[in-house]
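Beneath this line is the structure, given in C-alpha cells, with notes to follow.
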Amino acid sequence: MAFVTANWNPLGESFYRKIELYEMGWNLKDGLRDCLVAAAPYGGPIALLKAHNRRSPSARPQLEIFSSSGLPLASFPWKSGMVKQLGWTVSDDLLCVQEDGTVLVYDLLGGFKRHFSMGNEVSQSQVLETKIFHSPYGTGVAILTGALRFTLATNIDDIKLRRLPEVPGLQGAPSCWAVLTQDRQSKVLVASGPHLFILDNTACTPVTPPGLSPQASSIVHMCVSFSYKYLALLTDSGHVWMGTSNLKEKLSEVDTKIKGSPKQMAWCRRPKSQQPSAVVMWDGLLLVVGECKETIQYHLEDDSILVPELDGVRIISGTHHELLQEVPGACEEIFKIASMAPGALLLEAHKEYEKESQKADEYLREIKEQSLLSEAVRQCVEAAGHEHEPETQKTLLRAASFGKCFLSNFPPEQFVSMCKDLRVLNAVRDYTVGIPLSHTQFKQMTLQVLIDRLVYRKLYLLAIEVCRYLKTPEYQGVSRVLKHWACYKVQQKEESDEVIAKAVSVKLADAAGISYSEIATKAYESGRTELAIKLLEFEPRSGEQVPLLLKMKKSPLALSKAIESGDTDLVYTVVMYLKNELNRGDFFMMLRNQPVALSLYKQFCKHQEQETLKDLFNQDDDHEELGNFYVKASYKEQRLEARIAHLQSAVDEYYKAKNEFSAKTTEDEMRLLRFQRKLEEEKDEQLVGFSLQDTMTTLLSVGLHKHAEQLYKDFRMPDKRFWWLKLKALAEKEDWEELEKFSKSKKSPIGYLPFVEVCIKHHNKCEARKYVAKVSPEQKVKAHLAVGDVEGAAEAAIERRNESEISTVLSRCSATTDHLLVERLNRAKATVPKK
Amino acid sequence: MAHTEWKDAPGLPDFSLLKRLARDQLIFLLEQLPGKKDLFIDADLMSPLDRIANVTILKQHEVDKLYKVELKPIVSSSDQLCFLIRPRIQTVKWISDVTTDEWNFYILPLDDDILSLELPEFFRDNFLEGDQRWVTTAGSALRLLQSVYGSFSKVYGIGRCAKMVYESWRELMEDGEQRTRQPEFAKVFLVDRDVDFVTPLCSQVVYEGLVDDLFRIKCGSVEFGPDVTSSDKSIKVMLNSQDKVFSEIRNEHFSNVFGFLSQKAKNLQTAYDKRRGMDIQQMKAFVADELKGLKQEHRLLSLHIGASESMMKKKTKQDFQELLKTEHSLLEGFEIRECITYIEEHINRQVSMIDSLRLLCLLSITENGLLSKDYRSLKAQYLQSYGIEHLLTFANLRQLGLLEEQQAGETLTVMESKVGKLVNDKTVGKLTDAFSSLAKKSNFRALSKRLALVPKSGEEYDLRVPRDMAYVFSGAYIPLSCKLIEQVLERDGWTGMEEVTRMLNGQEFAVTGGSSSSEARSKTDAQRIVLVMFLGGCTFSEISALRFLGKERGCRFIVVTTAITNSSRLLEALLDNSA
C-alpha cells in the first residue's frame, strides 16, 4: 500500500503527513491576498473580508462566509466601521472587531445578532490589535489599544471587561503577544524587544524562557498551543524556542536559518505526540520545526492561512484546503514500509485472504504465535479512525473484522462505535456539508456540539438522521433539532399562521421535551403575535408561557399561568409588571382575584411599602388586619403621643371589626401607657412600654404599694395574679414583716404553700414555719417536707391515709430518722385501703 | 439500641455525596471570580456553609475575609465582593446591582438519616404568610435526591403544601431528562407540619429531643455551657452517629440515660484497668490501638454525663413533673379544668412566655378550641403578663388554627347537621370538608380515638422496653405524624383511612411512580428505605419514633425536613411582639 505513505515526510523518529481535504469550491479572484480571514477551529466556517481601501473609503467591501469546502453560506456588503479583526466563537458566531472597539456579532448565515462595546477606554484610544481566543469559560476578546494597554473580556456572553496593568517601558506596539489561559485566568504574554512579560489581573511580571539562545535580540513571533500548555517563540536570529507556556521547561530550540519575519506561526501537535512541532509560514514557504534538528519544508504557491487544530494544522489557500499533522501512531505502525507490527501483518493477511491465497494463514499464524491478534485488531480499528479516505477506512475495518473472527471474547464495542462514528464523520466531511472533522476532534467536541453545528447550518434533516443513527436520547437529539427547525419555520413569511402552526404541531407532536414557548417567542419576534398565541397553547409548562405572555401584553393570563407554575419569582415578576402597567384600583382588583399573588404582594409590602399594605386592607374592608397594622405601627413609634394615636386608630378599627376584646385590650393599653407616663414623671422610674405585670413588679419592688394597688383595681387584675406578684416582690425584698401582714390581710386565693416555698427559696426556714399551719390539708405534707420537718409530714400523711404521700415521706427518711417513725409509716401504708 | 444490632436493616445511601456536590458547585462559583474577594454570608447560612466548605477551603479559593450580612453599610478593602444569601427581599435590596448566580445548595445532610433544607422560615412563610416561595426549593431538593440516588416507586403525601411540592417536583422531572437508575429509596412520604401540630408542641423527653429543647442543637452541633462541661468554658460538640456514646442514647427516654451512662463509665474503667499487669509489648499495643479510642470515648462520655446531670437537675424537679402531667392530661382529655387552672397560674407567675403559649395551644388543639369564656380570660391574662403586642401573636395563632375560640366551630357543626338533613351523604362530606377547612378544626380527640394515639391510662409502661412509638412521650402519646406514616405504609395507600383524612382536611395523595420493574425488585434493600419529608420542620422526637418504627418493621426511614424544629422554635416563628 505504497500510496498511503506517499505524502509522508520524516521528522526525527516520526512522520508528518499533509492530506488534501478539499479543493475549494469558491472562486476568488485574488486568492486570500489582502483579505481579513478567519476560519473557525473544528472544521468550522471561513469568513473573508477584503481589506478596506483607504483611498476610497466609500467603497463597501463584501463580507463573505464559506463552509470549509468553500461553498458560500452568506455574503453581504460591509456597511459598518473599519474592521480590525474577524473571529469565530465556540458556537459558530462571527465576531467583527471594529477600530472603535465595537464588536458586531453575526450568525454563520450572515444574520446580525447583536453588538457590544469593549469599553470607553478602547473606543477613545482605538484598537491597535485584537486576538480572539477560546477558553473553558467561552470565547474571549483581547484588545491592544492605541494607548498600548490591554483590555480583556474572557467570555463575550457574560462580559466583564478587565483592563490589564501597564507594561513598563513599552514605547511602540509590542513585537508580538498572545493570550494564555492559566490557573483559571486569562493572561497576556507580551514581547517587547528581548523582554517578555506576563500580564494578569493585578500585575505585570517579567519572565525569561529557560535556555533561550543568547543571539536573539528580540522575539518576533509567538504562538500558544491549542491546549494553552505549550509556547513557541521565534527570535530575530531565526531560532524557534519551544517549551511549556508556564516558562518552566524548555523542550527544544532549533535554528531555522531564516531571518525574515513570518506571516504566521502555529503549533502542530496531537494527543500523545511523539514529535510535536511548530509550523512557521513565510511568503511561499512553510517550515515544520520539531524537537529534532531536521525540519520539513513545503513550498506554498499561494497566500495561505494556518488554522491550528487539536491534532494538527489546517492550511487554507485560495484553491486548496489541506491538513498537516503528525502521522498517528497506529497508522504509522500499519503503513510504515516493511512494518512487522501486528496491525500491518493483519492487513497483509486480509489482503491475501481476499486473493484467496494461503499466505493469509501464514500471516495470521505469525500474529497468533505472538498472541498479538487482539492488538492487531485494535490497531486496525484505531488507524481506520485516523484515515480520511473512506476506501482506506474500509480496508482497515475489513481487516479488523477479519481478525476478529479468530478471536473469541473480543469485545465488539470499539469496532462498532468506530464504524458508526466514521459513517457520521464521512457524512459531515462531504463536500456539500464541508465540516472536515477528524475523529480525535469529533470525540473532543462531542456529538451534542456537532448536532448544534449542523443545526446552525440549517441541515436539519442530516442532524436528525445522525441523531437517529447514533440513537441519541430524544431529549438531547431529535427534539432539540426539531425545536430549531420550528423556530426557523415560524419565521417563514410566505406561509399562513394556520399552516405553520399545524406543521409545527404535527412534526413535534411525539417529540419529548419540546419548549413551545421558545418557538412562540421566535414567532412573536418576527411579528406574528397570533401565531405565537396559537403555539403557546401547546406549551405544557405554564411557567414557560409567562414571559412571552407579558411581552404580548396578555397580563391577566400571564398572572394565572405564573401562579399555576408555582414559581414565586415568576409571580413577583408579573405582579411588579402589573403594578407599573395598571392604575392602582385595577391592580388591586386583579390581585383580589388571585389570592396567591395577593399574599405574595402583601409580603413584599410588609418589607417595602407599609402604606400600600394599609391601602390593601382598606380596599378589602379588613378592619381586623387594619387594627393589627396600627398596633404594629404603634410600637415602632418612640413618642408616646404618636403611639397612643396609632392605638386609638387600632381601637376604632377593632370596633368596626366587631372585635370587642381586642378593642378593649387596646384601650387598656392606652390607659396603661398614660399611667406609666405619669408615674415616670412623678417617680422617675423607667416604666413606659412594660406589660401590666412588669409594671406591677417594678412598682412593688420599689415599694409603691399604693400605686400597685390602684393598678390592680383599675385593670381588674385577677386576685391570684396580684397575690403571686406581691408575694414574690416582698420575699425578694426580704420584708418578712410586711409579708406576714399581707398573709393575714385576707384569705389567700393561692393558698399558703407558696408562702412556705417562697420563704424557703430565700433561705428563711423560720419564717416558712409560720405558714405551715395555714396550708390546706392536701398540701400539708409538701409544706412540712419543704421546711424539712419529716415528723410533721409523717403525721399529716398518716392522718390523710394517702399512700402516695406516705411513700413520698418514706423516700425522704434517711438512716438517721427515728426507726419508730419509719415503722409507723410502713404500718400506715399497709393499712391504707387499696383503691 | 445501637444501630449495629439492626441485623436485617438495609444500609443507607451515602449522603456525603450531597455535601460534595454543594461544595464543588460553590467552588465553581468562587472560581468564576478570579482574584481576592471578600465573602458576605447570610447569618443563617453560616453554620451550613461551615459543614460544607470550611474556612481553609474558602481561603484556597481566594476568599480573603468573611463577613456576616448585617444590612449595614459595607466596610471592605477588597475590590471584589461576593454575597452568599437566601433570596429575601430586604437582603437583596440591601445589596442591589450585582450579577447573580445560583448556588444549588438544597440539602445539608445532618446525619446518616437526617437531611435538612436548613430553611427555618419555611414554616412561617408557607403556613402563615401564604408565601409559597420555598415550594420549588423543596421540589428541587427532591429532584436532586432523585437524580443522585435514583427514582422512587411510590409517593404518598398529605397536606396542601405537600401536594404543591409534589407537583413542583413532578414538573421539574418532566423538564429534565429521565435517567433510569437502580432506586435507592422505595417510597416517599410528604407531610405538612400543620397536619400535626400536637407533636411538636409536646415537651420532648427522648435524650436527643431534650438536648434540643434545653441546649438548642444548631445545624447538628450543640454548645454545652459551663454547667455541663464543669469547667469555665463552653464546648461545641457535633451530635451524630459518629459519636458512639451519643448514638446509643439519642433515642432513649431520658430516665434510662443516666443508668446507661454509668454502666458505660464502668466498662470504660475496666478497659483502662487492663493496663495493669501488662508487659511492655502489650502496653505498646494498648497505647497504639486502644488508648486513643478510649480517650475519645472518655471525653464524650463525660460530656454526656454532664448534660444528663444538668437535665436531671432541671427535669426531675417538681414543676417539670407537673408540666408533663398537665400535658398528658390534655392529650388524654382528662381533668381539663385542673389543666386550665394550672395554665392560668403558669401565666400569672410569668414562668415562661413560650411555655405558657405552648400549653394554651395544646389545650386549644386537643379540645378543638377553647370555650369563649376561657379563651378571653386566658388571653387577657397572657397580655397582662407579656404585653399587648401579643395581640398580633394571637392573631397569628388563630390564623394557623393553633389557638381558637370554640364558638365558630360549634355554629358550623350546627350548620352541618342542618344541611345534612337536606342533601345526601356524599355532599355532606364535601361540605364538612369545606367548613372544617374554614375553621381549621383540629379534631384531635376523634383522631386520637380512631388511630389509638393515646394508650389507655393506668397501664404500666416500661420505658426501658418500649412497645410502641408512644415511648418518645413517656408512653402517653404516639406522634400523630408518625402514626399516619405507619398506617399508610401498612396499607400501601390511604384506603380505609377516609375518615381520618377527612378530619385532617383531606389533601392526601398516593402516586405510583417510576417503572413497573421496580415492583420486581421489591426484595432489594432499597425497597425498605422510606424517605419522609416534613414540610415546616420536624422534631427529634419524631425522628426517634420513626427510628423505632423502622426497627420494628425492618426498614429504615430517612427524614428530609425543611428544618429541625421544637416547640420553642415553632412558636417563636409565630411571635409578633417586636417590630
Report summary line: Cβ density ranking, 10 Å radius, fewest first, applied to B:202, A:766 yields A:766, B:202
Report summary line: Both in Å, the radius of gyration and Dmax of the C-alpha trace of region B:235-318 are 15.3, 55
**Report entry** From phi via Karplus (6.51, -1.76, 1.60), per-residue ³J(HN,Hα) for region A:492-509 in Hz, x at Gly/Pro
**Finding:** 7, 5, 6, 9, 7, 3, 4, 4, 5, 4, 5, 4, 5, 5, 5, 5, 8, 3
Report summary line: The size of the Cβ-based charge dipole (Lys, Arg +1; Asp, Glu -1) of chain B about the Cα centre, to the nearest 20 debye, is 700
Query - For chain B, the longest site-free run once trypsin sites (Lys or Arg not before Pro) in DSSP loop states with at most 14 other Cβ atoms within 10 Å are removed - result: B:8-178
Report task. Could you pull the Cα extents of region B:5-127 along its three principal axes, largest to smallest, in whole Å? Result -> 58, 39, 19
Requested in this report: When a/c is below 1.5 the answer is rounded, else prolate if a/b is larger than b/c, else oblate, so apply that to region A:43-119 with a ≥ b ≥ c taken from the square roots of the Cα gyration tensor eigenvalues.
Outcome: oblate
Report summary line: Amide H proximity to residue B:561 below 5 Å, modelled H, separation 5+ or other chain, gives B:115, B:116, B:117, B:534
Query raised in the report: Given q = 0.06 Å⁻¹, what are the Debye log10 I(q)/I(0) values for chain A, with equal point scatterers placed on the Cα positions and solvent ignored?
Result: -0.68
Query - Rh (Kirkwood; distinct C-alpha pairs) - region A:87-168, Å - result: 12.7
Requested in this report: Just flag the GluC sites (Glu not before Pro) in region A:662-737 sitting in loop per DSSP whose Cβ has no more than 14 other Cβ atoms within 10 Å.
Outcome: A:734
Query raised in the report: Are there GluC sites (Glu not before Pro) in region A:417-508 that DSSP marks as loop and that have at most 16 other Cβ atoms within 10 Å, and which are they?
Result: A:494, A:495
Report task. Select from A:186, A:38, A:262 the residue farthest towards the positive end of the dipole of chain A; place +1 on Cβ of Lys and Arg, -1 on Cβ of Asp and Glu, and compute about the Cα centre. Result -> A:186
Report task. Specify whether the C-alpha gyration tensor of region B:90-145 places it in the rounded, prolate or oblate class, a ≥ b ≥ c being the square roots of the eigenvalues: rounded for a/c under 1.5, otherwise prolate if a/b is larger than b/c and oblate if not. Result -> oblate
Query raised in the report: Using only helices, what value at 222 nm comes out for chain A when you add -39,500 (n - 2.57) per DSSP H run of length 4 or more and divide by the total residues, to the nearest 500 deg cm²/dmol?
Result: -14000 deg cm²/dmol
Query raised in the report: Once phi is turned into ³J(HN,Hα) by the Karplus curve 6.51 cos²θ - 1.76 cosθ + 1.60 with θ = phi - 60°, what whole-Hz value does each residue of region B:529-542 show in order, with x for glycine and proline?
Result: 10, 10, 9, 10, 10, 9, 9, x, x, 9, 9, 5, 4, 5
Report task. Please compute P(r) over all alpha-carbon pairs of region A:343-419, binned at 5 Å starting from zero, and give each bin as a whole-number percent. Result -> 3, 18, 30, 24, 16, 7, 1
Query - Dipole of the protein assembly as shown, positive direction: furthest Cα of A:19, B:245, B:372, with charges on the beta-carbon - result: B:372
Report summary line: Computed on Cα atoms only, the convex hull of chain B has an orientation-averaged projected area in nm² of 32.2
Query raised in the report: So how strong a dipole does the protein assembly as shown carry about its Cα centre when Lys and Arg Cβ are +1 and Asp and Glu Cβ are -1, to the nearest 20 debye?
Result: 1660
Query raised in the report: If you average the sequence gap of Cα pairs under 8 Å that are 6 or more apart and divide by the length of chain A, what percent do you get for the contact order?
Result: 6
**Report entry** Overall form of region B:341-385 per C-alpha gyration tensor (a/c, 1.5; a/b vs b/c)
**Finding:** oblate
Query raised in the report: Amide H neighbours of residue A:309 under 5 Å, counting only residues 5+ apart in sequence or on other chains, H built in-plane at 1.01 Å?
Result: A:314
Query raised in the report: With the dipole of region A:735-835 worked out from charges on the C-beta (+1 for Lys and Arg, -1 for Asp and Glu) around the Cα centre, which of A:832, A:788, A:748 lies farthest toward the positive end?
Result: A:832
Report summary line: Checked against a 20 Å limit on the C-alpha separation, the offending pairs among A:720/B:325; B:218/B:295; A:746/A:770; A:420/A:483; A:79/A:131; A:713/A:746 are A:720/B:325; B:218/B:295; A:420/A:483; A:79/A:131
Report summary line: Magnitude of the Cβ-charge dipole (Lys and Arg +1, Asp and Glu -1) of region A:359-485 about the Cα centre, nearest 20 debye, reported as 580
**Report entry** Projected area averaged over orientations for region A:768-814, convex hull of C-alpha atoms, nm²
**Finding:** 2.8
Query raised in the report: Order of A:102, B:326 from fewest to most other C-beta atoms within 10 Å?
Result: A:102, B:326
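Evaluate 2.2 N^0.38 Å with N set to the residue count of the protein assembly as shown, then give the Cα radius of gyration divided by it. If you can, show how the numbers build up before the last one.
Working: Rg = 41.4 Å, N = 1414, 2.2 N^0.38 = 34.6 Å.
Relative to the rule-of-thumb radius for its length, the protein assembly as shown sits at 1.20.
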**Report entry** Interchain or long-range residues, amide H under 5 Å from residue A:88's placed H
**Finding:** A:95
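Bear in mind these aren't lab numbers, they're just calculated from the coordinates by the rules spelled out. Please read these numbers as outputs of a predicted model, since none were measured by experiment. Every residue, glycine as well, gets a Cβ built from its backbone with ideal geometry; the counts of neighbours run over all protein chains shown.
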